[in-house]
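Input: a single structure, listed below in structure tokens.
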Amino acid sequence: MKLLLAVALICTATTVTTACGARQAQVTTGPQTTSEVSLSVTNNLDQAVNVYVVTSSTEIFLKQVAGKSTLQMNVPGVSSGTTVKLKATPENGTKSYTRDNVTLSGLYEWTVP
């Protein structure tokens, strides 16, 4: 009888440990989309600029480019051949620099200002 009780306790303890123990989980971010077009921005200002692409009336923030540097970035959600407006706004918001009617295809290079 004691043996049967001991076996029952061991089985119960094993089941509880397995059921309530740590579990491994694999976490991923969904499929990564690749952009057909890229933008290379050379910022000649002393301060950083925020770079945007404007399609129709939608303004898409891309990245911030540090002062006196060049940064290449993907343009998500914009297909090759799309005509857009490029916008760069300095951190202090004093003046925005724009380039209208840019047809994005492959890599487009833009120098501010």
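Just so it is clear, none of the values below were taken in a lab; they were calculated from the coordinates. As the structure is a prediction and not an experimental result, all values here were calculated from the model. So basically every Cβ, Gly included, is an ideal-geometry build from the backbone, and we count neighbours across all protein chains shown.
Couple of notes before you dig in:
- Taking every C-alpha pair closer than 8 Å and separated by at least 6 residues, the mean separation divided by the residue count of the range 46-112 gives a relative contact order of 31 percent.
- Other-chain or far-sequence residues with amide H under 5 Å of Ala48's (modelled H): Gly67, Glu91
- Between Lys95 and Ile10, the contour length at 0.36 nm per residue exceeds the alpha carbon distance by 23.2 nm.
- Computed over neighbours whose Cβ is under 14 Å from that of Thr89, the net charge equals +3, Lys and Arg +1, Asp and Glu -1.
- Residue-by-residue Karplus 3J(HN,Hα) for the range 90-105, coefficients 6.51, -1.76, 1.60, Hz, glycine and proline x: x, 3, 7, x, 5, 8, 9, 10, 10, 9, 8, 6, 9, 9, 7, 7
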